[in-house]
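Below is one structure, written out as structure tokens, with a few remarks after it.
The values are calculated or read from the model by the stated rules, or taken from the named source; none is laboratory data. No experiment lies behind these values; they were computed from the predicted model shown. Neighbour counts run over all protein chains shown; Cβ positions are idealised from the backbone, glycine included.
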Amino acid sequence: QTIGADFAFIRFVTKENVVRRRCIRLVSHAYFDRFIIFCIVLNSVVLAVVDFSVVDGGLNPTSHGKKFENGALVDAYSRANHVVEIFEFVLTGVFTLECVLKLVALGVTGKGSYWKDSWNVVDFFMLFASFVAEIPGMPNISEFRAVRVLRPLRSLSAFPGMRRLITALLNAIPALQSVVALQMFAFLIFGILGIQ
């Protein structure tokens, strides 16, 4: 097979390594991608049922927190948020396993490695943000929790047509810089005229 770099983490883990061959076979299997897409869709559905009426001190939804009721903050429990927390834990584990399997199968350096595919870099960033958001006592974790909303974008990488379309749109951004600059200048002029 032509998947992955010549070496994985260290120079001794070649494509002929038994563990790496099994990881390559698993990662390149059609059902692997389908299962990951199912998990992404499930994660999107789970995120849609978050109860924002019960929050913690950082205003993040939580199962045990405070709720504004009759003009006062009271202790509250949200079963929906408890279910979301369980699913988030399980799905983060699934996405971590996917990342590890792909790292072993594709390798970390060289042509065809895990880091050469920009979609894998995005996946890794979202996974990293998921872990950081779960660190207790971490200040300003709302930004990291917001990254969970981007997980449905991972499903775009599974469809080749959508992948090409998104890549073409991202490649077109540098060519549109002058148009955006002109548009911002027009907004500035009309903003100044609107204030006068």
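Brief remarks on what is shown
- Matching residues in the stretch 22-52 - criterion: being in contact with a strand residue (DSSP E or B) (Cβ under 9 Å, 6 or more places away or on another chain) and surrounded by 15 or more Cβ atoms within 10 Å (Cβ to Cβ): Val50, Asp51
- All of Val132, Val122 fail the test of being surrounded by fewer than 15 Cβ atoms within 10 Å (Cβ to Cβ) and either of a type in the set (Val, Ile, Thr) or not in a helix (DSSP H, G or I) (or both), apart from Val132.
- Candidates Arg25, Arg20, filtered to the one that is closer than 24 Å to Lys111 by Cβ and modelled with pLDDT under 90: Arg20
- Selection within the stretch 93-115 - of a type outside the set (Asp, Glu), part of a helix (DSSP H, G or I) and buried (at least 19 other Cβ atoms within 10 Å of the Cβ): Phe95, Lys102, Leu103, Val104, Ala105, Leu106, Tyr114
- Unmet requirement for Thr62, which otherwise passes all of (1) surrounded by 19 or more Cβ atoms within 10 Å (Cβ to Cβ); (2) in contact (Cβ under 8 Å) with a residue 60 or more places away in the chain; (3) more than 15 Å from Leu91 (Cβ to Cβ); (4) polar (S, T, N, Q): (2)
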